[in-house]
Amino acid sequence: MSDPVFKRITRLVGKAIGDFGLIRDRDRILVALSGGKDSWTLLYALRYFQRKAPVDYELAAVTIDPGTGSFNCGPLAARLARDEIPYEIIRGSILEVVNDNLSAGTNPCSFCARLRRGMLYSFAAREGWNKIALGHHLDDFVETLVLNLFFSGSIKGMSPYLLADDGKNTVIRPLVYVKEEMTRHYAGIMGLPILGCSCTYQGLTSYRRRWVKQLLTQIEKDVPGVKSNLLAAMKRIHPRHLLAGEPARDHEEESSPAKG
């Protein structure tokens with residue numbers, strides 16, 4: 001693949017792998033392939049490194065079939081068979097569970113995501129995959145940070161390398177440095193079969209997340225690179241200058257804004 005955008009994607013993925021120690025020799029990595037542009041890009045970037053990297057690791061893709069009746073994994077399976085990428089489909093009845101258990105005020109897409117994650121974790125642990133790769137990109141990381149700052153009052157985002165709560169699964173997010181526009185470009189030029197969730201709730205993503213995405217897009221017109229700066233801020237943490245940190249010394253006042 002000689003496309004300059006894919007070259008940039010693989011460079012950024014390689015940097016993430018190195019910065020956060022995402023892949024080690026003999027890893028068995030399962031890519032959660034939703035059929036969207038981001039998970040497709042992640043899969044092919046990791047396949048690229050599987051051939052080039054000095055470490056040896058196993059790679060496969062898996063898709064959760066939510067049981068809507070109209071969800072068709074056929075185009076995904078055909079493409080992956082053509083490219084000789086191992087592929088599994090986990091079939092469930094997620095939509096039925098959501099309809100039967102959705103409580104007032106709960107976003108159905110968030111509920112569905114939790115159910116999918118549980119199915120994915122169970123499958124990976126049962127089949128001996130020690131790492132699960134998710135296609136969250138730079139924009140997702142930054143939007144999550146801003147959402148928590150604005151609406152939860154917490155400085156919290158996502159981690160590129162995370163041990164799941166069950167203590168059995170490790171989640172990696174190698175697209176942490178990759179912008180969403182890059183995955184959109186790559187999926188387009190590769191002609192990848194894009195698969196929607198085919199759910200009656202499709203498109204009901206959080207209003208707050210959509211608002212934050214639009215806000216950051218607007219801010220970036222005036223502050224180019226603001227998303228990259230926000231991502232970098234997640235690593236440049238100074239606890240002494242936060243409420244949870246140690247008492248600050250007198251020289252802090254010199255850089256503090258004047259009040260009153």
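Taken together, the values in this text are just the output of simple stated rules run on the coordinates, not laboratory data. Keep in mind that this is a model prediction, so the values were computed, not measured. Every residue, glycine among them, receives a Cβ derived from its backbone with ideal geometry; neighbour counts consider all protein chains shown.
Figure the gain on full extension for ASP165 and SER110 (residue separation times 0.36 nm, minus the Cα-Cα span) and round it to one decimal in nm.
Working it through step by step, the gained length comes to 18.1 nm.
Output the pairs from LYS37/LYS235; LYS52/LYS156; LYS168/LYS221 with a Cα-Cα distance over 32 Å in this structure; if there are none, say none.
LYS52/LYS156; LYS168/LYS221
For PHE151 and LEU102, FRET efficiency with R0 = 25 Å and r from the beta-carbon atoms, rounded to 0.05?
0.75
Which value in deg cm²/dmol, rounded to the nearest 500, describes the helix-derived mean residue ellipticity at 222 nm for the chain, given -39,500 (n - 2.57) per DSSP H run of n ≥ 4 and division by the residue count?
Working: 9 runs with 115 residues, N = 260.
My calculation for the chain gives -14000 deg cm²/dmol from helical runs alone.
Roughly what % of Cα-Cα distances in the stretch 58-153 sit above 17 Å, to the whole percent?
Pairs farther apart than 17 Å: 64 percent.
Suppose every K and R has +1 on its Cβ and every D and E has -1 on its Cβ; what is the size of the dipole of the chain about the Cα centre, in Debye to the nearest 20?
360
Can you tell me which of PHE151, PHE141, PHE111 moves the most in a GNM of the chain? Springs connect C-alpha atoms under 10 Å apart.
PHE151
Identify which of ALA104, ALA32, ALA45 has the largest mean-square fluctuation in a Gaussian network model of the chain, with springs joining Cα atoms closer than 10 Å.
Maximum fluctuation in the GNM of the chain, among the listed residues, is at ALA104.
Please label the shape of the stretch 90-137 as rounded, prolate or oblate, based on the square roots a ≥ b ≥ c of the eigenvalues of the alpha-carbon gyration tensor (a/c under 1.5 means rounded; beyond that, a/b larger than b/c means prolate, else oblate).
Verdict is oblate for the stretch 90-137.
Report the dimensions of the chain along its three principal axes from the alpha-carbon atoms, largest first, rounded to Å.
Largest first, the chain extends 66, 50, 39 Å along its Cα principal axes.
Can you give the Rg/Rh ratio of the stretch 1-137, where Rg is from the C-alpha atoms and Rh is the Kirkwood radius?
Numbers: Rg = 16.2 Å, Rh = 16.3 Å.
A ratio of 1.00.
Going by how many other Cβ atoms sit within 10 Å of their own, how do VAL176, VAL212, VAL97 line up, fewest first?
VAL97, VAL212, VAL176
Who wins for biggest fluctuation among LYS227, LYS156, LYS37 in a Gaussian network model of the chain, springs between alpha carbons below 10 Å?
Of LYS227, LYS156, LYS37, the most mobile in the Gaussian network model is LYS156.
Between the stretch 8-25 and the stretch 104-170, what is the separation of their alpha carbon centroids in Å?
19
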